[in-house]
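Structure first, commentary second.
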Amino acid sequence: PDFHERMDRLRSEGHRVAPVRYYGQTAWLILRHDDTRAAYRNSEAFPCSEAYKRHSAQAMGDKMLLALDGEEHRVKRLLISRELLPQKIPGIVHRLIRPLANELIDGFGDAREIDIVQAFTRPLPMYLITRLLGLPDGEGKQLIEWVEALFGFDIDPERALQARAEVTAFLMPEIRNRRTAPRDDLISLLATAEVEGERLDDEDILC
């Protein structure tokens, strides 16, 4: 509760970093803006993968972009990001996001009171992801449960690992189908993307 007061005190005492406990190990909290910016720009000294390996790799795999560094990160980022370039976002908004938002709001019906988180903000991103991936709308609720379990690895590792196995079993047939018969969806784009002779394997797409 006194996080900001502690940060101010450390900075006023001239500290630039402070040791903290992070997932059972020592990490260093950078206290100054310029140092933080420099660290983000120096991937050799501060690889982005280190934190990810502590908090998520066991549940989400070690081939996610956040777990990669150097040349491997560069190529995989190109393979994934070119389909999500800024100029493509307006089309996604008009084609998917706005209609979905309207559908969820229409679902409020005549209710005089609603829980906006449960009825709108929680389902919106997951239902959007199902449509981007080309999956049936009915899978949105299940995806929410899987994703929440994966992000809760530190709280319930057994549930997170079970969710990983279930989502893998669910998505693998979809990925393999798109490789042979691509459609207009994100799974197909990832399954068929190629950059500098490199392609994403099944684990890359799952991550």
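Details
- Leading residue by the ranking (farthest from Met126 (Cα to Cα)) among those in region 171-187 that are touching a residue at least 12 places away in the same chain (Cβ under 8 Å), in contact with a Leu (Cβ under 9 Å, 6 or more places away or on another chain) and not β-branched (Val, Ile, Thr): Arg178
- Residue count for region 8-37, restricted to those that are among the acidic types (Asp, Glu) and within 27 Å of Ala57 (Cα to Cα): 1
- Checked against the criterion of being surrounded by fewer than 16 Cβ atoms within 10 Å (Cβ to Cβ) and either modelled with pLDDT under 80 or in contact with a Phe, Trp or Tyr (Cβ under 6 Å, 6 or more places away or on another chain) (or both), the candidates Ile116, Ile89, Ile105 yield just one match: Ile89.
- For region 1-47, the tally of residues that are of a type in the set (S, T, N, Q), within 28 Å of Phe153 (Cα to Cα) and open to solvent by 60 Å² or more (accessible area, probe 1.4 Å) stands at 3.
- Single residue of region 126-185 satisfying the filter (among the small types (Gly, Ala, Ser) and under 14 Å from the mean Cα position of the chain (by Cα)) that is modelled with the lowest pLDDT: Gly152
- All positions within region 159-186 that are open to solvent by 50 Å² or more (accessible area, probe 1.4 Å) and among the aliphatic types (A, V, I, L, M): Leu161, Ala165, Ala169, Ala181
- Region 1-28 residues that are modelled with pLDDT under 90, paired with ones that are open to solvent by less than 100 Å² (accessible area, probe 1.4 Å) and in a helix (DSSP H, G or I) (beta carbon under 7 Å, 6 or more apart): Tyr22/Arg54; Tyr23/Arg54; Tyr23/His55; Gln25/Arg54
- Restricting the first member to region 37-48 and to residues that are closer than 17 Å to Arg16 by Cα, and the second to residues that are open to solvent by less than 60 Å² (accessible area, probe 1.4 Å), the beta-carbon pairs closer than 7 Å and six or more apart or on different chains are Ala39/Ile30; Phe46/Ala39.
- If you go through region 135-156 and keep only what is farther than 29 Å from Ala51 by Cβ and exposed (fewer than 11 other Cβ atoms within 10 Å of the Cβ), you end up with Pro136, Gly138.
- Where Leu132 falls short, out of the listed (1) of a type in the set (A, V, I, L, M); (2) open to solvent by 60 Å² or more (accessible area, probe 1.4 Å); (3) more than 24 Å from Gln58 (Cα to Cα): (2)
The values are calculated or read from the model by the stated rules, or taken from the named source; none is laboratory data. These figures come from a predicted structure and were not determined experimentally. Backbone-built Cβ (ideal geometry, glycine too); neighbour counts: all protein chains shown. Each accessible area value is taken on the protein alone, full model and side chains, heavy atoms only, with ligands, DNA and RNA left out. Shrake-Rupley method; radii C 1.70, N 1.55, O 1.52, S 1.80 Å.
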